[in-house]
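Take a look at the structure below.
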Amino acid sequence: GIVVLFSGVVLAGAFPEPDVSPLAWVALVPLLVLAAGRGARRGLFLGACFGIGFFGALLVWISLVGWLSWAVLATSQAAFVAAFGACWAVAGRARWPLARVLAPPALWVAVVEYLRSVLPAAAFRGDNWRRARPGFRGCCR
């Protein structure tokens with residue numbers, strides 16, 4: 001788990017400050033290798049470790065609001081990476097090599113990126129505010 005936690009921190013280094021973008025090409029490798037073909041529970045644990053490392057380092061600036069806010073935000077975002085880890089652990093058992101190549105990016109986009117875009121803040125999306133009161137139609141486009 002510690003290797004995957006550290007690789008999550010390494011991925012945070014690919015984002016602005018320090019902005020070492022080549023890290024993004026290698027940071028996910030420990031998670032993908034260690035979780036492939038394992039059970040869903042082990043994948044969930046490894047994904048959570050990676051997510052805590054990644055979002056914990058990436059979102060440390062939110063600690064200006066408070067460390068509890070940082071912990072809640074990092075943990076809630078890490079839950080999506082944990083779900084990815086569980087899905088990849090199961091999908092990594094595929095015997096067809098092309099499936100093992102295509103599954104990680106497809107799962108990452110579907111489980112991490114898409115679900116993060118709709119689930120935690122679904123109540124605050126612009127569409128909901130426009131539906132809530134007709135007078136707000138022009139403000140949330």
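Does anything in the range 69-108 have its amide N under 13 Å from the 7 Å Cα→Cβ label point of residue 119, and if so which residues?
Once the point is set 7 Å along Cα→Cβ of residue 119, 75-87, 108 turn out to lie under 13 Å by backbone N, inside the range 69-108.
Take the Cα gyration tensor of the range 64-121, multiply each eigenvalue by 5, square-root it, and list the three semi-axes largest first, rounded to whole angstrom. Walk me through the numbers on the way to the answer.
Details: eigenvalues 170, 24, 11 Å².
After scaling each eigenvalue by five and taking roots: 29, 11, 7 Å.
Using per-residue counts of other Cβ atoms within 10 Å, averaged over each peptide, order 52-58, 72-78 from highest down. Before the final figure, lay out the partial values.
Details: 52-58: 22.6, 72-78: 17.4.
Descending mean neighbour count gives 52-58, 72-78.
Taking just the C-alpha trace of the range 1-117, give me its Rg and Dmax in Å.
That works out to 13.9, 48 Å for Rg and Dmax.
By its C-alpha gyration tensor, with a ≥ b ≥ c as the square roots of the eigenvalues, how is the range 9-74 shaped: rounded for a/c under 1.5, else prolate for a/b larger than b/c, else oblate?
Details: a/c = 5.30, a/b = 1.34, b/c = 3.95.
Oblate, since a/c reaches 1.5 and b/c is not below a/b.
Coordinate-derived values only; no laboratory data. Computed from a predicted model, the values in this text were never measured in an experiment. All Cβ positions, even for glycine, are placed from backbone atoms using ideal geometry, and neighbour counts span all protein chains on display.
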